[in-house]
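Visitor: I am attaching a structure below and will ask some questions about it afterwards.
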Amino acid sequence: MTIRVDSIAPKHQDGVIRLAQISDPHLFANKHTGFLGINPWRSLSAVVDQLHQAEGLDMLLATGDISQDHSATAYLHFAEAVGPLGLPTYALPGNHDAPELMIRALSQTPVKYGRRVLAGNWQILMLDSTVLGLPAGHLALDELRWLHAVLESAPLCPTLVALHHHPKPTECAWLDQHGLDNGAEFLSLLCRYPQVKGVIWGHVHQSMDMMHEHIRLLAVPSTSIQFLPKNDGFALDRAQPGYRLLNLHPDGTLETQVKRVPGADFQPDPSATGY
């Protein structure tokens, strides 16, 4: 299968690609449906309102769990929410998504089901870590072969890799059962390539920032509910919906920060024991 390669030129003369990452909106066909005490349409809209204030963004990337109810309408709602930003927007699937339906629904919108984007001096590679019917993730052999081939073909191109599932433990026992089951193999492959500067993911509904050899590993908060960090059992955090901003410099330097919606408008159901 031939994979389309898109190109994005930086807006500013410094050559920096300014990327916003969002994840896990868990939208429903009905915009009024709640999700463990939070309305996910409203919380996503609040994040988008914040992104309107971010100066000079070049692109937006959503790292999965766009829909909670496997409806085409939920994907159309997502495109409606992010459309006013006017940014090249890419999305990859999470374990709550229906990838084939997602592809069909987003094909009717400007949002792209992306795989590879050449952004300034960088390349951004988007992987599908979903396994039908399972919350945990796995990178199939074809995905790893494609990743290997692209990295071999562009040894001088600083690279950011995006997927849904976490390749490293979160210190949340309940959540780490549902991570990337071949995460060690994935990271071992990436560590062979010095041009790989970072890996970003969603799924964990919390911020993470660590190093694995030369690679920055980054998780993003959800635009909906937040999971309480370092808690063995399922628990929700009262932290507000958030997103990540990344500056990808032409020399391969990566700068990043997490932002959250101000205030305390979005409070989860404290009695929730799972979803």
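Quick note: the coordinates plus some simple rules give every number you see, no bench work behind them. Note that the structure is a prediction, hence the values are computed from the model and not measured. Neighbour counts are summed over all protein chains in view; Cβ atoms, including those assigned to glycine, are modelled from backbone coordinates with ideal geometry.
Visitor: Which cross-chain or sequence-distant (5 or more) residues have an amide H under 5 Å from the amide H of Asn95, H modelled 1.01 Å from N in plane?
Guide: Those lying under 5 Å, H to H, from Asn95 are Asp65.
Visitor: Would you grab the residues whose amide H sits under 5 Å from the one on Trp122? Only those 5+ places off in sequence or on another chain, please, with H modelled 1.01 Å from N.
Guide: Here the answer is none, since no amide H 5 or more places off falls under 5 Å of that of Trp122.
Visitor: Could you tell me the relative contact order of the chain? Use alpha-carbon pairs under 8 Å, at least six residues apart, and round to a whole percent.
Guide: After rounding, I find 21 percent.
Visitor: How many lysine pairs are close in the chain, with Cα atoms under 29 Å apart and the two 8 or more places apart or on different chains?
Guide: 14
Visitor: Note down the nm distance, to one decimal, between modelled labels 7 Å out along Cα→Cβ at Ala154 and at His52.
Guide: My value for the distance between the label points is 3.3 nm.
Visitor: Given a Förster distance of 22 Å, report the FRET efficiency between Ala272 and Leu134 from their Cβ-Cβ distance, rounded to the nearest 0.05.
Guide: 0.55
Visitor: Now, a different point. In whole Hz, with x marking every Gly and Pro, tabulate ³J(HN,Hα) for region 183-200 from phi via Karplus 6.51 cos²θ - 1.76 cosθ + 1.60, θ = phi - 60°.
Guide: Using θ = phi - 60°, the values come out as x, 5, 5, 4, 5, 4, 4, 4, 5, 6, 10, x, 6, 6, 9, x, 10, 10 Hz.
Visitor: Which percent of Cα pairs goes in each bin when the distances of the chain are cut into 5 angstrom slices starting at zero?
Guide: 1, 6, 14, 18, 21, 18, 13, 7, 2, 0, 0
Visitor: Now for a separate question. Can you compute the modelled spin-label distance between Ser107 and Leu85, with each label point 7 Å from Cα toward Cβ, in nm?
Guide: 2.4
Visitor: Nearest 5 is fine: what % of DSSP beta bridges in the chain come out antiparallel, could you say?
Guide: So the antiparallel bridges amount to about 45 percent of the total.
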